[in-house]
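These notes are about the structure you will find just below.
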Amino acid sequence: MTSSKRTFSFLIVGTVLLLFYVHEQVAMFQVSYSIEKKERQVARLSEEYKTAKFRVARLRSPDVLSKRMKKLSLDLTAPKDREVIKITKPQIVSEQTTKATVPAPFQFQSWLHLIKEAQAKTSSKG
C-alpha cells in the first residue's frame, strides 16, 4: 500500500509540475505576442511622427508661407528705421537691490530659490 501511495503522490506532483510548465510556456507566448504588437505600434507611431514632422517643416517653408501671404493678401514688409522704437533697459543701482540679495532670516528661505520670475495676467477687456 505504501508503494501505491508513493506512486500516486509522484503522479500528482508530476502532473502539477507539468501543468505549471505548460502554464509558463503559454505565458511566454502571450508576452511574446504582446511585445510584437507593441513593436508594430511603435513602428506605426514612429512613421506617423515622421510624416507629421515633414508636414510641419513643409508648412514652415518660405515658399508655402509666401503663397499663403499672397492668398490672404497680407502685405508684410520689414519696418523702416523711423518705425522702430528702441527701448533700453535702465540700470538702477540702489540700496534696495543690495538688501534683496541678503538671505531672509525666516524658515522658508530654502523655498525662495525656486521663485525665478513673477508673471501677471492682464485683462483683455478693452
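Potential lengthening of the chain between LEU11 and ILE35 amounts to 5.1 nm, from the contour at 0.36 nm per residue minus the alpha-carbon distance. Using 0.36 nm per residue and subtracting the Cα-Cα separation, the extra length available between VAL64 and VAL93 on full extension is 5.5 nm. Net length available on complete extension from VAL84 to VAL26 is 13.6 nm, with 0.36 nm assigned per residue and the Cα-Cα distance removed. Between beta-carbons, use under 12 Å as the cut-off and find the net charge around TYR33, counting Lys and Arg +1, Asp and Glu -1. Combined, the nearby Lys, Arg, Asp and Glu give +1.
Where a number appears in this text, it was derived from the coordinates with a stated rule and is not lab data. Keep in mind that what you see is a predicted model, and the values were worked out from it rather than measured. Note that each Cβ is placed from the backbone with ideal geometry, even for glycine, and that neighbours are counted across all protein chains shown.
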